[in-house]
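Engineer: Here it is: the structure, laid out below.
The values are calculated or read from the model by the stated rules, or taken from the named source; none is laboratory data. Values in this document were obtained by computation on a predicted structure and should not be read as measured data. Here the Cβ positions follow ideal geometry from the backbone for every residue, glycine too, while neighbour counts run over all protein chains shown. For accessibility, only protein heavy atoms count, side chains too; no ligands or nucleic acids. Shrake-Rupley method; radii C 1.70, N 1.55, O 1.52, S 1.80 Å.
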Amino acid sequence: MATAIEIFKHLPKKNCGKCNFPTCLAFAMQLANQKVKLSDCPFVSEEAKAKLEASSAPPIRLVTVGDGPRKVELGDETELYRHEKKFFHPTRYAIVISDEAGEEEAEAKLRRVHELSFERVGQTLALDMVAVRDDSGDDARFVAMISRAAKAGLPMVLMSERPEALRKAVKEAGLKRPLLYAATEANIDAMAAVAKELKCPLAVRSGDLNALADLAERAVKAGVEDLVLDLAPPRAKDLVERNTIVRKNAVKKTFRGLGYPIILNACGDERAVLKAMLSTMKYGGIVLLDDLDPAHALPLFVLRQNIYTDPQVPIQVKAGLYPVNDPGPDAPLLFTTNFSLTYFTVMADIDKAKVPAWLLVVDTEGLSVLTAFSAGKLSAESVVEAIEETSAREKSSKGVLVIPGMLSRMSGKLQELSGLKVVVGPRESSGIPKLLKSGQA
Ligand code: SF4
């Protein structure tokens, strides 16, 4: 990304304010921070536009695989470290089916594709893609397996080094933007020609990063810009090293030759899950796996969720009044904050008690109970406001409000402002079932 001064040099310097900034320099500074668009200035010349657009392109190209609502987007990252800014496009996992797989094996893998789905803190964690590998060398078998796997409705990776087989497969199966994997020194020209003709993204593979950049350049010259890089790391150590070199060169040195998302083929590797985890932590775009059992899938998906969550914005749930275990007007009223982890823990503990209850979730901008209280985002006043907004008093007419144990110091004021009898709950949410079953609430 160009600096503000570099951008400023290309602006018209009229200082007219039509971009909503008083001077061109102020506008340039906002543009350098990606807060505004170049088109907000109506006076930029075509020549300046071309120069600025080239220098403001993301250091890692945005590549889309598939079409429609399940398409996946890769790349378009701007940072080396997650604490500097959010990472945007998470690593995608694909299960690979060989076109030589028998009926039973293919069915089992396709079933697995649907079964690998988990709910965590209100988000669905699932497998993203399916890949089909051309092991048979037989066009008809390859196309048949692709057509079958396409029914899963996920974006696809087509693994073959035979350009003609790929052309036939994409056309006959009617696929939109599958990733063609992979072009090498031996087939780059023919693969690039097919990718261009079919308007598909293309993976290029080499264990030598200089050779890889050359392959990428040849593909771009042939008219294929949506590329994915396979760095072919033999060991876990090489994966971390190569992925880091590529990301650093793309982000810090704006080296366009390596400014593409990264794919890892972990098939046939006994350390496939370890490599998938390292790839998730170190800038991976796609990981191809022979298979993934649920015991490995859940921690892998959770790792990805944690890495691709904005560190500056806690995961939140919607504030409001939530019924648990089908409550009536005589069910107790409890409250907590809208920090996802707190909400789901409290919700699960009330559910576990099998006692009907109303859970009031107060908006604390995603902060947990004590943090919100200390930061002034949770007070007796804000709780009363939430009670009024949600008509909680009418839904739970018991006249009792259970508050988190850590907020005991709020109880007096809350009782006075709300007119409800305040019961101080346990300090840990795990104590809620005991309290609810005791009838004290
Ligand atoms: Fe400068 Fe263009 Fe903004 Fe006018 S609209 S102040 S010329 S950047």
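Engineer: For segment 412-432, name all the residues that are in a helix (DSSP H, G or I) and open to solvent by 20 Å² or more (accessible area, probe 1.4 Å).
Structural biologist: Gly412, Lys413, Gln415, Glu416, Leu417, Ser429, Ser430, Gly431
Engineer: Let me confirm something: among Ser397, Ser382, Ser429, which residue is polar (S, T, N, Q) and modelled with pLDDT of 95 or more?
Structural biologist: Ser382
Engineer: Go through Arg235, Arg247, Arg242 for me and flag whichever is modelled with pLDDT of 95 or more, open to solvent by 40 Å² or more (accessible area, probe 1.4 Å) and under 25 Å from the mean Cα position of the chain (by Cα).
Structural biologist: The match here is Arg242.
Engineer: If you take the residues in segment 64-86 that are surrounded by fewer than 18 Cβ atoms within 10 Å (Cβ to Cβ), over 15 Å from the mean Cα position of the chain (by Cα) and modelled with pLDDT of 90 or more, which one is nearest to Leu288 (Cα to Cα)?
Structural biologist: Ranking the candidates gives Asp67 first.
Engineer: Would you point out the residue of segment 9-40, among those that are polar (S, T, N, Q) and open to solvent by less than 70 Å² (accessible area, probe 1.4 Å), that is nearest to Glu84 (Cα to Cα)?
Structural biologist: It comes out as Gln30.
Engineer: Taking the options Gln34, Gln30, name whichever one is in contact with a Ser or Thr (Cβ under 9 Å, 6 or more places away or on another chain) and polar (S, T, N, Q).
Structural biologist: Step by step, each of Gln34, Gln30 is checked, and only Gln34 is in contact with a Ser or Thr (Cβ under 9 Å, 6 or more places away or on another chain) and polar (S, T, N, Q).
Engineer: Residue by residue through segment 153-181, note down the ones that are touching a strand residue (DSSP E or B) at 6+ places or on another chain (Cβ under 9 Å) and either free of Cβ contacts under 8 Å to residues at least 60 places away in the same chain or not assigned by TED's automatic domain parsing to the domain that holds Leu231 (or both).
Structural biologist: Passing the criteria: Leu158, Ser160, Glu161, Pro163, Ala165, Leu166, Ala169, Val170, Ala173, Leu175, Leu180.
Engineer: Mind listing whichever residues of segment 84-107 are in a helix (DSSP H, G or I) and closer than 16 Å to Gly153 by Cα?
Structural biologist: Once the filter is applied, which keeps residues that are in a helix (DSSP H, G or I) and closer than 16 Å to Gly153 by Cα, segment 84-107 yields Ala106, Glu107.
Engineer: Of the residues that sit in segment 186-205 and are part of a loop (DSSP other than H, G, I, E, B) and at negative phi, which one is surrounded by the fewest Cβ atoms within 10 Å (Cβ to Cβ)?
Structural biologist: Ranking the qualifying residues of segment 186-205, first place goes to Ala186.
Let's see how each residue does on (1) surrounded by 22 or more Cβ atoms within 10 Å (Cβ to Cβ); (2) not in a helix (DSSP H, G or I):
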site: Gly268; (1), (2): no, yes
site: Leu274; (1), (2): no, no
site: Gln312; (1), (2): no, yes
site: Pro323; (1), (2): no, yes
site: Asp326; (1), (2): no, yes
site: Pro329; (1), (2): no, yes
site: Tyr343; (1), (2): yes, no
site: Val346; (1), (2): yes, no
site: Trp358; (1), (2): yes, yes
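Engineer: Only one residue in Leu125, Leu52, Leu80 is more than 23 Å from Arg247 (Cα to Cα), of a type outside the set (S, T, N, Q) and in contact with a helix residue (DSSP H, G or I) (Cβ under 7 Å, 6 or more places away or on another chain). Which one? Even if it seems obvious, please write down each step before you answer.
Structural biologist: On the way: Leu52 fails: more than 23 Å from Arg247 (Cα to Cα); Leu80 fails: more than 23 Å from Arg247 (Cα to Cα).
It is Leu125.
Engineer: A further question on this structure: Taking segment 87-111 as the region of interest, how many residues are under 24 Å from the mean Cα position of the chain (by Cα) and either open to solvent by 60 Å² or more (accessible area, probe 1.4 Å) or among the polar types (S, T, N, Q) (or both)?
Structural biologist: 3
Engineer: Can we say Val44 is within 16 Å of the ligand (Cβ to nearest atom) and either within 24 Å of Ala272 (Cα to Cα) or buried (at least 16 other Cβ atoms within 10 Å of the Cβ) (or both)?
Structural biologist: Working: within 16 Å of the ligand (Cβ to nearest atom): yes; either within 24 Å of Ala272 (Cα to Cα) or buried (at least 16 other Cβ atoms within 10 Å of the Cβ) (or both): yes.
Against the criterion (within 16 Å of the ligand (Cβ to nearest atom) and either within 24 Å of Ala272 (Cα to Cα) or buried (at least 16 other Cβ atoms within 10 Å of the Cβ) (or both)), Val44 qualifies.
Engineer: If you don't mind, there's one more thing I want to ask. Evaluate the following for Pro59: is it in a loop (DSSP other than H, G, I, E, B) and within 11 Å of the ligand (Cβ to nearest atom)? First the steps, then the outcome.
Structural biologist: Working: in a loop (DSSP other than H, G, I, E, B): yes; within 11 Å of the ligand (Cβ to nearest atom): no.
Against the criterion (in a loop (DSSP other than H, G, I, E, B) and within 11 Å of the ligand (Cβ to nearest atom)), Pro59 does not qualify.
Engineer: Looking for something part of a loop (DSSP other than H, G, I, E, B), among the β-branched types (Val, Ile, Thr) and at pLDDT below 95 - is there at least one such residue anywhere in segment 120-137?
Structural biologist: Yes: one or more hits.
Engineer: I'm told Val36 meets every condition in (1) modelled with pLDDT under 90; (2) more than 11 Å from the ligand (Cβ to nearest atom) except one. Can you identify the failing condition by its number?
Structural biologist: (2)
Engineer: Mind checking which residues of segment 276-307 are under 19 Å from Lys109 (Cα atoms), part of a helix (DSSP H, G or I) and touching a residue at least 24 places away in the same chain (Cβ under 8 Å)?
Structural biologist: Once the filter is applied, which keeps residues that are under 19 Å from Lys109 (Cα atoms), part of a helix (DSSP H, G or I) and touching a residue at least 24 places away in the same chain (Cβ under 8 Å), segment 276-307 yields Ala276, Pro294, Ala297, Leu298, Leu300, Phe301.
Engineer: Taking the condition of being near the ligand (Cβ under 9 Å from one of its atoms), outside any loop (DSSP other than H, G, I, E, B) and of a type in the set (A, V, I, L, M), how many residues in segment 6-32 meet it?
Structural biologist: Count: 4.
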